[in-house]
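Read the structure below first, then the notes.
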Amino acid sequence: MTFNIIITDYTYPDLKIERNVLSTIDATVTAIDATTSADIVERATDADALINQQVPIDENVFEALSNLRVVARYGVGVDNVDLSAATEHGITVANVPSYCEEEVSTHALALLLAVTRNVVSYDEHVGAGGWDWKVGAPIHRLEGKTLGLVAFGAIPQALRQKIRGFDLEILAYDEYLSTDVFEVHDVEQVSFRELLERSDAVSVHAPLTEETENLFDRKAFAAMRSSAVLVNTARGPIVDEQALAEAVRDGEIAGAGIDVFPNEPPSNSSLFDLDKVVCTPHVAWYSEESLTELRRKTAENVARVLKGDDPINRVNTPVAD
């Protein structure tokens, strides 16, 4: 039997890595450049597997694709996939959760340092012919400050290790971990409210859920220190973008480093004109090494399921199983 594998969308130069992995099974691999779930329904009718990057995959897709067995997403988050519908239709959803722990933790640290040291403002100043330390003032010493981590999974744990040399007090808010996890990493477990009130910097690493959507709203920013900075390398909708812009503009917090946005790519974001906000285009995950690992493991997830094995990482347990 020849399997029909459809790649709904991708942003890579080619599909050599995927095709190489999938050559181990009898399969055809076709990219359809979909932009909506309706495109998938129309052009992937006979698909046994979908490899997906950003296009939404909803119940209409699962209803229409009767041969579908697996959806493998490029990346960690699966908020663009209707997991409940996939589960009810007996379809496995797989992701690649560990491919960019090194990169995201490093990028979060880079944003923290860029904001606290006003690196971008100084760069623009020097590029314009200036040479004045006062344009970036005030800057405060990082040593001895408090960093709050929202969620304490693999990525913030990696960040915690990297930041040990800065002599910071580390707090973390995560309701799903046992106390010993925090103790092992020398991190104080606190409530969300306490984290906001005590932290000089807050780094967000939580998944996007109903509970975390707009977790950082005007009320949250009002609870933070006026000298605090926010770093978000997790998911854009966790932060109310307009509330963040107002908080920075009004001096409720000192600044922010933002890699993810509620709508991507963002158009005319209210954050772009703020000197105290450093923005990057959802690249915290990226290195050449992480990109290769992501593509290889995504394809391996598909190959394993179609051969009757478990994927490297399963997000759901289909009803039909």
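The values are calculated or read from the model by the stated rules, or taken from the named source; none is laboratory data. Being a predicted model, the structure only gives us computed values, none of them experimental. Reconstructed Cβ throughout: ideal geometry from the backbone, glycine too, with neighbour counts over all protein chains shown.
Numbers below:
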quantity	calculated
Only one of Ala220, Ala245 that is over 15 Å from the mean Cα position of the chain (by Cα), outside any loop (DSSP other than H, G, I, E, B), among the hydrophobic types (A, V, I, L, M, F, W, C) and surrounded by fewer than 20 Cβ atoms within 10 Å (Cβ to Cβ)	Ala245
Residues being in contact with a helix residue (DSSP H, G or I) (Cβ under 7 Å, 6 or more places away or on another chain) and either without any contact (Cβ under 8 Å) to a residue 40 or more places away in the chain or charged (D, E, K, R) (or both) - total across segment 192-212	3
For Ile258: the one exception among (1) more than 21 Å from Glu213 (Cα to Cα); (2) in contact with a strand residue (DSSP E or B) (Cβ under 6 Å, 6 or more places away or on another chain)	(1)
Index of the failed condition, Val181 passing every other in (1) touching a residue at least 40 places away in the same chain (Cβ under 8 Å); (2) out of contact with any Gly (no Cβ under 6 Å at 6 or more places or on another chain); (3) among the hydrophobic types (A, V, I, L, M, F, W, C)	(1)
Matching residues in segment 148-174 - criterion: being more than 11 Å from His185 (Cβ to Cβ), assigned to a strand (DSSP E or B) and either among the β-branched types (Val, Ile, Thr) or without any contact (Cβ under 8 Å) to a residue 24 or more places away in the chain (or both)	Val150
Single residue of Ala151, Ala158, Ala172, Ala234 found to be touching a Lys or Arg at 6+ places or on another chain (Cβ under 9 Å) and surrounded by 15 or more Cβ atoms within 10 Å (Cβ to Cβ)	Ala172
Candidates Asp240, Asp250 - the one that is at pLDDT 95 or above, over 21 Å from Val120 (Cα atoms), among the acidic types (Asp, Glu) and surrounded by fewer than 23 Cβ atoms within 10 Å (Cβ to Cβ)	Asp240
Hits in segment 83-110 (condition: hydrophobic (A, V, I, L, M, F, W, C), farther than 26 Å from Leu168 by Cβ and crowded, with 19+ Cβ neighbours inside 10 Å)	Ala86, Ile91, Val93, Ala94, Val96
Residue count, segment 115-162 (criterion: under 24 Å from the mean Cα position of the chain (by Cα) and closer than 24 Å to Asp174 by Cα)	17
Residue pairs meeting the criteria (Cβ under 7 Å; at least 6 apart or on separate chains; first under 10 Å from Asn4 (Cβ atoms) and without any contact (Cβ under 8 Å) to a residue 24 or more places away in the chain, in segment 37-60; second surrounded by fewer than 21 Cβ atoms within 10 Å (Cβ to Cβ) and basic (Lys, Arg))	none
Any pair with Cβ under 7 angstrom, 6 or more apart, that starts in segment 102-131 at a residue that is farther than 30 Å from Ala154 by Cβ and among the charged types (D, E, K, R) and ends at one that is in a loop (DSSP other than H, G, I, E, B) and modelled with pLDDT under 95	none
Residue within segment 11-26 that is surrounded by 14 or more Cβ atoms within 10 Å (Cβ to Cβ), in contact with a helix residue (DSSP H, G or I) (Cβ under 7 Å, 6 or more places away or on another chain), farther than 18 Å from Leu294 by Cβ and not hydroxyl-bearing (Ser, Thr, Tyr) present	yes
Residue list for segment 92-121, restricted to those being in contact with a helix residue (DSSP H, G or I) (Cβ under 6 Å, 6 or more places away or on another chain) and in a loop (DSSP other than H, G, I, E, B)	Val96, Tyr99, Cys100, Asn118
Given (1) in contact with a Pro (Cβ under 8 Å, 6 or more places away or on another chain); (2) crowded, with 17+ Cβ neighbours inside 10 Å, index of the condition Pro265 fails	(2)
Matching residues, segment 263-306, being basic (Lys, Arg) and either in a helix (DSSP H, G or I) or within 17 Å of Leu50 (Cβ to Cβ) (or both)	Arg295, Arg296, Lys297, Arg304
Test: residue in segment 69-82 that is hydroxyl-bearing (Ser, Thr, Tyr), in contact (Cβ under 8 Å) with a residue 12 or more places away in the chain, surrounded by fewer than 24 Cβ atoms within 10 Å (Cβ to Cβ) and part of a loop (DSSP other than H, G, I, E, B)	no
